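Here is the structure we will look at, set down as structure tokens.
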Amino acid sequence: MRQLPINHFKKYQTFNMRHLLIAVALFVVAIPASAEIFEAAIGVQFPDEVAGLPFAGRKTFPNTALGVNLAYQRPGPVRGSIYIYNGGLTTIPSGTDSPLVRKHFDQVIAELSLLVAHKQVSAVNFHPNGAQLTAYEGCGPQFWRQEYELVMPDVTTMVSYTYLTAMKNNFVKLRVSHPRGDADGKRDTDRFVAEIRKVLGVCKP
């Protein structure tokens, strides 16, 4: 994997502060809340458990452009997060095909360097395959996807995945992380994304 230099990417002028807050939000702990959360912004009901990860809470960000974060976590550090937000935009094309959605995905990934700059992680190492577009079969949205490793200040290394799609004038971003070496981590990640995809698509069993 290649390590991301802090100054590797150009600064984006549009929504830069909002993106900074979104990037920093990676480690925000959600506020405990009741399960079976209905998110009116996208008209989706989220369950109390996804892929064996219990619902861990919901946080509404003070900046309305940043929307909400839903967290799912099983005992241990395996965590799945869902971010639903519009970034201050009024119109966002649904799906993954539009240049706007792709550009935003690139910004989200580029700004992971801010975690290094703010000393929340020691390094960000990207998988050599780079950004990929998923090709799931059946009901549910597709995503832009990127795998990377986060080297934490205590030298623990987390394998992380960011997924992004858009629906109903909102971005929907998934982040799933597990410790490197966790035998079940990749399986849990794949299950989490597959099940959330069905939830987002309001797919029938």
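Near Trp144, within a Cβ-to-Cβ distance under 15 Å, what is the net charge of the other residues, with Lys and Arg +1 and Asp and Glu -1?
Charge balance near Trp144 sits at +2.
List the GluC sites (Glu not before Pro) within the stretch 96-205 that fall in a DSSP loop (any state other than H, G, I, E or B) and whose Cβ has at most 13 other Cβ atoms within 10 Å.
Glu137
To make sure I understand the rule: partners must be aspartates and glutamates, Cα under 19 Å from the Cα of Lys198, and not fewer than 8 residues away in the same chain. Which ones qualify?
The qualifying aspartates and glutamates are Glu36, Glu39, Asp48, Glu49, Glu137, Asp188, Asp190.
Cross-link list Lys119/Lys173; Lys119/Lys186; Lys119/Lys168: which exceed 28 angstrom alpha carbon to alpha carbon?
Flagged as over cut-off: Lys119/Lys168.
What accessible area, in Å² to the nearest ten, does a 1.4 Å probe give for His118?
Surface open to solvent at His118 totals about 100 Å².
With every protein chain left in place, what is the accessible area per residue of the stretch 103-205 in square angstrom, probe 1.4 Å?
43 Å²
Thinking of the stretch 37-78 as a set of Cα atoms, what percent of all their pairs are more than 17 Å apart?
38 percent
Leaving out ligands, DNA and RNA but keeping every protein chain, what accessible area does Asp48 have, in Å² rounded to the nearest 10, with a 1.4 Å probe?
80 Å²
The values are calculated or read from the model by the stated rules, or taken from the named source; none is laboratory data. These numbers come from a predicted model, not from an experiment. Note that each Cβ is placed from the backbone with ideal geometry, even for glycine, and that neighbours are counted across all protein chains shown. These accessible areas exclude ligands, DNA and RNA; they are computed on the full protein's heavy atoms, side chains included. Shrake-Rupley method; radii C 1.70, N 1.55, O 1.52, S 1.80 Å.
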